[in-house]
Amino acid sequence: MNYDLLVIGAGPGGYVAAIRAAQLGAKVALIEKEEVGGTCLNHGCIPTKALLASADVYHKLGRAKDFGITVEKFSIDFGAVIDRKDRLVKRLRMGIGSILKSYNIEIIKGTATFTGGSSVMAGDKFISFKKCIIATGSVTANIPGLATDGQNIITSTEILNMKQLPSSLLIIGGGVIGIEFASLFSRLGVKVTVVEALNKILPFEDTEIASAMTSHLTKKGVEIHTGAKVLKITGTTAEVDKAGEKLTITAEKILVSIGRKPGYDGLGLEKAGIALENKRIKVNEKLETNVRGIYAIGDAASKYMLAYVASVEGIIAAENACGKDSKIDHKTIPTCVFTSPEIAHVGITETEAKEKGLKYKVGKFPFAASGRAQILNETEGFIKVLIDEKTDGFLGVHIIGPEATEIIHGGSIAMKLETTTKEMERIIFNHPTLSEGLMEAAHDAHKEAIDLPKRF
């Protein structure tokens, strides 16, 4: 079998790349060893957000009285929640399959292994190609000496398939994945403890945002230990070293959530002569590896391990493989944490601005001052902007609060288009909305926010 383009991996980078190449007229094949959709659809983004949506309904029912509504009895059927998640994932997976079929993209089931610079084996099938895109994603990272067993010591894959809520949960790792699960399960009444080796949770978020989330989770009963390292696990009991103090933490389930690592093991990169750099597949600005005609995208190659970045990279790589001249721009990538309240940011943090020696102004707008947030009874959090004193442009936008993951795109567009705060003043925002808080935060950088008291 010979193809113009072979894509290895049918995750959010791979299937998007295959579709874009087919749109450009290429004969495309897609190799996938599991299900189309990759980790994002099957074990990550979509399943977690489905569970969070159920938790949100449960949470709102508990606050129905605040809206003048009486709900006498309600409970959570976690098995039914999981079933809903599974139906949703299956429906979306079938949708992707239908799209691929409509473009006559051949899906080959199997594990790909390079046999050279222009061919692979997938099972007993020998496949040759003119161009290739590696989109093998990532796998769960493990702590050396602390193996998961899939029952009591689990990863994000197993926790998404539990049919019953545990009474208690210890989460090892306070990054995005760990904190999303901490927010989810604590809202469902599970006793949650988080152990993070660094001195703060959400290490890539602005310090104020991370502190606000720490305070929120603590108030909700989550026990958080930062600067703490798990020494060993016996059964479901973990021994933890926190600045020399020994802690013993027991929970019904222990979730290991220390991040992910590139998933190219077994691909036979060396047989194709493909080089690595910092344990990732090395690529140039066109996402091409050191081997001409072979590209790599997503978690296997990018330091931005985000599904939506993989999708954009898939389009760029596919266009280049098909003769176009496309380049990737990573400068305005928004990042989101689907906690409650939500977190999102784009651009640099205040700490990074200081490290770079930049002169900047800070503008902040609390959701407590937002009419829309008051209506929704979701007033916790704020929008924070960093404004370059020299250009009046946005250096960073940081949000913790309702619909942060939606509002952040206004910040992304502003940064991409190099919008100034003075230009923002002439943009008319609908009222009452949560998004107008972004405009108010920009105004506040110059002490001109209308809906905040005068600042001296």
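The values are calculated or read from the model by the stated rules, or taken from the named source; none is laboratory data. Note that this is a predicted model, so its numbers are computed, not measured. Here Cβ is always computed from backbone atoms with ideal geometry, including for glycine, and neighbour counts include all displayed protein chains.
For this structure, a couple of remarks:
- Some residue of the range 397-416 being surrounded by fewer than 16 Cβ atoms within 10 Å (Cβ to Cβ) and at positive phi: no
- Count of the range 192-241 residues, restricted to those that are assigned to a helix (DSSP H, G or I) and not hydroxyl-bearing (Ser, Thr, Tyr), is 8.
- Some residue of the range 72-88 being surrounded by fewer than 20 Cβ atoms within 10 Å (Cβ to Cβ), under 25 Å from residue 263 (Cβ atoms) and not β-branched (Val, Ile, Thr): yes
- Note on the range 183-229: residues that are within 22 Å of the chain's Cα centre (by Cα), within 23 Å of residue 143 (Cα to Cα) and small (Gly, Ala, Ser) amount to 2.
- Conditions (1) in contact (Cβ under 8 Å) with a residue 24 or more places away in the chain; (2) assigned to a loop (DSSP other than H, G, I, E, B); number of the one not met by residue 131: (2)
- Picking from residues in the range 15-48 that are at pLDDT below 95 and charged (D, E, K, R), the one that is surrounded by the fewest Cβ atoms within 10 Å (Cβ to Cβ) is 34.
- For beta carbons closer than 6 Å, sequence separation of 6+ or different chains, a first residue in the range 432-456 that is farther than 18 Å from residue 371 by Cα and a second that is surrounded by fewer than 13 Cβ atoms within 10 Å (Cβ to Cβ) and modelled with pLDDT under 90, the qualifying pairs are 447/455.
- So residue 183, is it under 30 Å from residue 382 (Cα atoms) and of a type in the set (Gly, Ala, Ser): yes
- Check on residue 379, farther than 30 Å from residue 65 by Cα, surrounded by fewer than 23 Cβ atoms within 10 Å (Cβ to Cβ) and of a type in the set (S, T, N, Q): no
- Scanning the range 125-145 for residues that are farther than 30 Å from residue 230 by Cβ, of a type in the set (Gly, Ala, Ser) and within 29 Å of the chain's Cα centre (by Cα) yields a single hit, 135.
- Within the range 267-290, the set of residues being among the aliphatic types (A, V, I, L, M), touching a helix residue (DSSP H, G or I) at 6+ places or on another chain (Cβ under 6 Å) and in a loop (DSSP other than H, G, I, E, B) comprises just one member, 287.
- Residue satisfying all of: in the range 291-306; of a type in the set (A, V, I, L, M, F, W, C) and part of a loop (DSSP other than H, G, I, E, B); nearest to residue 47 (Cα to Cα) among these: 306
- Selected residue (only one of 182, 135 is at pLDDT 95 or above, closer than 18 Å to residue 256 by Cβ and buried (at least 23 other Cβ atoms within 10 Å of the Cβ)): 182
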